[in-house]
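The values are calculated or read from the model by the stated rules, or taken from the named source; none is laboratory data. Just so you know, these numbers come straight off a predicted model, no measurement behind them. Glycine gets a Cβ as well: all are built from the backbone with ideal geometry, and neighbour counts include every protein chain shown.
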Amino acid sequence: MASTPTRPPIAPPLGSQFPSDVPNSSLAPSGEQIVVLYVIIAYAVVIFGFWNVPGVRNCINPLKLFTIGWHELCHIAAAILSGGRILKVTIDPHVGGATIVEGGTPAFILAAGYIGSTLLGGLFTLAGWDTLVAKVMSFVLGIGLIMPLALVRDKLTILLTIIYEALLIGFWFIDHGGALRWYCLFIGVMNVLFVLWDVADDKFFHKSNDSDATQWSILYPRTSPHHWALFWILFQLGVLAAFSVIGILAFKRSDAELSAEAAGFLPT
């Protein structure tokens with residue numbers, strides 16, 4: 001009796017070997033990472049409103065002092081490195097910051113402000129993708145919020161600083177530090193897009209301390225402040241995009257995996 005012929009098993013279609021929710025490439029963000037991208041856009045809109053709406057803008061004075069203070073610190077560092085001498089430093093949430101320098105290399109000193117703000121903002125932005133990074137950056141924020149108080153006498157700003165410090169500490173105990181991601185991400189967006197708020201202060205409030213875009217036009221008169229502002233806005237948007245790509249590539253893990261990783265560093 002002849003045996004019944006059989007055919008070899010047919011391999012399933014390639015597409016069925018993988019779950020439908022797995023990204024097609026390493027650059028494709030996961031579901032959790034898409035949320036971070038949306039939050040970055042929302043934060044940019046919220047910060048623009050809080051920075052420019054009269055009355056409301058006072059609510060973020062401590063965060064503005066941190067952002068402006070770091071910006072001016074970068075000017076100071078560049079001035080010292082290039083042989084300049086610091087004559088006066090102003091850090092104010094309403095009139096902006098200013099660093100008066102004698103000597104040094106003007107272009108290097110001026111560029112250091114926006115570049116420094118952008119890079120620090122990028123690092124804080126990475127904290128939005130990873131709880132462990134957020135925990136580390138929270139120490140930078142905690143110290144940075146306190147330092148400007150040496151120049152502040154406004155009671156409301158001092159009270160708000162205490163509140164923001166208390167929130168920072170409290171977020172360590174929410175979701176095992178997971179809430180720090182969104183706090184640090186807010187600070188990241190505020191710093192990495194500093195040129196937007198700096199130029200907006202010039203346009204809407206005519207602050208006494210000019211924006212760096214205006215200072216660039218004074219240094220190089222053939223280019224208008226608007227063109228300098230556009231250049232630095234594109235630069236900061238490019239850096240924000242680059243750090244977002246780094247976040248997607250480096251932290252492609254679920255919220256549970258991020259929490260488990262962060263639990264090894266100062267668990268709460």
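List of remarks:
- Annotation note: Cβ proximity below 7 Å between a residue of region 79-102 that is farther than 21 Å from residue 65 by Cα and a residue that is of a type in the set (Ser, Thr, Tyr) and surrounded by 14 or more Cβ atoms within 10 Å (Cβ to Cβ) (sequence gap 6+ or interchain) occurs for 82/105.
- Near pairs, Cβ below 8 angstrom, 6+ apart or cross-chain, from region 231-259 (free of Cβ contacts under 8 Å to residues at least 12 places away in the same chain and closer than 13 Å to residue 124 by Cα) to any residue that is aromatic (Phe, Trp, Tyr) and in a helix (DSSP H, G or I): none
For every residue, the table says whether it meets (1) crowded, with 18+ Cβ neighbours inside 10 Å; (2) among the aliphatic types (A, V, I, L, M); (3) under 30 Å from residue 176 (Cβ atoms).
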| position | (1), (2), (3) |
| --- | --- |
| 67 | yes, no, yes |
| 75 | yes, no, no |
| 84 | yes, no, no |
| 89 | no, yes, no |
| 94 | no, no, no |
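- Within region 146-166, the set of residues being surrounded by 13 or more Cβ atoms within 10 Å (Cβ to Cβ), of a type in the set (A, V, I, L, M, F, W, C) and assigned to a helix (DSSP H, G or I) comprises 146, 147, 149, 158, 160, 162.
- Single residue of 256, 250, 200 found to be of a type in the set (Gly, Ala, Ser), in contact with a helix residue (DSSP H, G or I) (Cβ under 6 Å, 6 or more places away or on another chain) and modelled with pLDDT under 90: 200
- Considering 43, 38, the condition of being loosely packed, with under 13 Cβ neighbours inside 10 Å and not β-branched (Val, Ile, Thr) is satisfied by 38 alone.
- Hits in region 131-188 (condition: of a type in the set (Ser, Thr, Tyr) and under 26 Å from residue 253 (Cβ atoms)): 131, 138, 183
- Residue count for region 98-138, restricted to those that are outside any helix (DSSP H, G or I) and crowded, with 24+ Cβ neighbours inside 10 Å: 3
- Flag: residue 23 matches the condition of being out of contact with any strand residue (DSSP E or B) (no Cβ under 8 Å at 6 or more places or on another chain), modelled with pLDDT under 90, within 24 Å of residue 251 (Cβ to Cβ) and not in a helix (DSSP H, G or I).
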